[in-house]
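Some notes on the structure that comes next.
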Amino acid sequence: MNVQGVDPGRVAALLERERAAWVEARPKARALHERARRSQVHGTPHPWVAQFPPPVPLVVERAAGARLHDTDGHEYADFGLAATSALWGHTHPAVVAALRDQLDRGTVTMWPHEDQVWVTEALGQRFGLPFWQFTVSATDANRFALLVAKACTGRRRILVFNRAYHGAVDEAHAVLTPDGVARTPGVDPHGADISETTRVVEFNDLGALERELAHGDVAAVLAEPVLTNGGAVIWPEPGFHRGLRELTRRCGTLLVIDETQTIPAGPGGCTREFGLRPDIITMGKWLAGGIPAGAYGMTDEVAAGAARYTEVGDGGLGSTLVGGVLAVRAMRAVLEHVMTEQAYAVMDGLAQRYEKAVGAVIDEHELPWHVARLGGRVSYAFLPRPPRNAGQMYPQVGSELRRALWLYLANRGIVLNGMSGAALFSPLTAEADVDLHNRLFAEVIDELAER
C-alpha cells in the first residue's frame, strides 16, 4: 500500500537500486547465505532474519560497543540493538568483565548461588514486587507467569491486546478480525484453540476490556504498558492503566505487565515511570546484557499460590538452564553497574536528538507522518497522528517504503530494527552516529518526497 507524501515510483526505483547495491557489495555474505540454505530453513538461523529487508542477510563478524562489523568489511552504527537484547551495547565493559570472571567459576550448576539472591533482591527494589523466579527467555517468563496465574485463579483463559507482542507464547498469538478472534496471520491455525484459550481487545479500549472480563473466565491480562512492536509507539490514554488495574481486580483477574520491550522508558521500566501495580511482571532480552535470560516477579499473594502449585513438583515451570550462574552474573552486572540514571540520561538525550531531526524532516516536507519516543526508543510511522491501538496499524501501510529506507541507511552505515524500523539508543551509542543518520534520513526523504 502506498504512503502519502512520497512518490511510489521513486520508492520502487530506490528499493531496486539499494537492493542491487547491497548484494553487489557483499560477496562473502552471498556465499555464506547459499551455504546456509543447505542446513537452515530459509538459509537463516531463525525465521525472523528471512523477513528482514536485505535480500542477502547481514552477516556479522564482530559486534562491539554500538557498532556491527560484517564479513565483507563494512561497519555500521547499530540502532537495532538486537531488539533490546543488546540495549546496553554489545560489549559493555561491566558485563564483559563479569562474564570473563564467571567463566573461570562455571556456567551452570542447577544449585543456588549468592548472585541469584542479589539479583532477585535488586529486581524487587527496582520493580516493586517481592518474589522473583528466573527463566531462559522473556517468552518463558510470560509462559510461566500465565501458568501461575491459571493455578492461582482456577481459570483457563487469558486476555491480550490486539497486535501486542509477547514472544512465542502460543495463547498470545491471537488477533482481532472482522469475524472475531483468530490466529495471528502466518501462525499455524492448528495449534492451541484460540477460541478456547484467549480473549482479545484493542489497547486503550476499557469498554471492550470490561465486557470481556465480565465473563469471569480470564485468569490473567497480559499487557505491554506501551505498545512498541508494530512500527509505532502507542501510548496509553489518560486513565487507561488505572482502569485496567481496577477492572482486573474487580473481576478477580491477575494483571501481568510485560516489560521486555518497554524497558527503554527508564531504570524501572514503565512500571516505575507510570506507578503501575501489577500482580506479575515479566521481562527478558536486555536483562543479562545479551546472554539468554528472563525473569518474572510476583506479589506475596501470587507467590503463595505458586508455592502451593509447585509443592509436589515443578508445575511445568522448570528448565535446566534457568538461573545459570553465567547468566545471573551478567544480570547482576547490568542491574548494579549498567542500568543507571546516568546511562538513561545518555540514551534519552540521543533519542531526543534523533526524534527532533526526524520530526523536522517530516515537517519540512509536510508529510502526513508522525514520530514518537519512549525513553531511548524512537519510531516514525506513516500515519498523521499516533494510533490509539495497534489495530489501526493494519493492514500495514508502507512496508515497501520501510524496506527502502532501511536499505538506504544500511548501505551507508546505519542499521535500524529489521522488523519495525525502530531505533534504540544505548549508553555506548555515539552522538556522531545519530547525526549521520539524521543527515542520511533528510537526504533520502528529499529524494522520495512528492514535489
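The values are calculated or read from the model by the stated rules, or taken from the named source; none is laboratory data. Predicted model, so just to flag it, every value in this text is computed and none were measured. Counting neighbours? That spans all protein chains shown, and the Cβs are built from the backbone with ideal geometry, glycine included.
Results, tabulated for the structure shown:
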quantity: Segments classed as helices (runs of 4 or more DSSP H), wholly inside segment 255-364, with at least 3 members that are over 20 Å from the mean Cα position of the chain (by Cα) and hydroxyl-bearing (Ser, Thr, Tyr); calculated: none
quantity: Check on residue 44, crowded, with 16+ Cβ neighbours inside 10 Å, in contact with a Phe, Trp or Tyr (Cβ under 6 Å, 6 or more places away or on another chain) and closer than 24 Å to residue 137 by Cβ; calculated: no
quantity: Test: residue in segment 397-410 that is of a type in the set (Val, Ile, Thr), outside any helix (DSSP H, G or I), buried (at least 22 other Cβ atoms within 10 Å of the Cβ) and under 22 Å from the mean Cα position of the chain (by Cα); calculated: no
quantity: Candidate set: segment 158-200, residues that are over 18 Å from residue 257 (Cα atoms) and of a type in the set (S, T, N, Q); chosen: the one modelled with the highest pLDDT; calculated: 197
quantity: Which numbered condition residue 184 fails, given (1) of a type outside the set (Asp, Glu); (2) closer than 29 Å to residue 335 by Cβ; (3) surrounded by fewer than 16 Cβ atoms within 10 Å (Cβ to Cβ); calculated: (2)
quantity: Residue ID - surrounded by the most Cβ atoms within 10 Å (Cβ to Cβ), chosen from residues in segment 197-227 that are free of Cβ contacts under 8 Å to residues at least 12 places away in the same chain and more than 26 Å from the chain's Cα centre (by Cα); calculated: 211
quantity: Single condition residue 430 does not satisfy, out of (1) over 24 Å from residue 55 (Cβ atoms); (2) crowded, with 16+ Cβ neighbours inside 10 Å; (3) in contact with a strand residue (DSSP E or B) (Cβ under 9 Å, 6 or more places away or on another chain); calculated: (2)
quantity: Extreme residue, farthest from residue 277 (Cα to Cα), among residues of segment 98-136 that are in contact with a strand residue (DSSP E or B) (Cβ under 7 Å, 6 or more places away or on another chain) and among the hydroxyl-bearing types (Ser, Thr, Tyr); calculated: 135
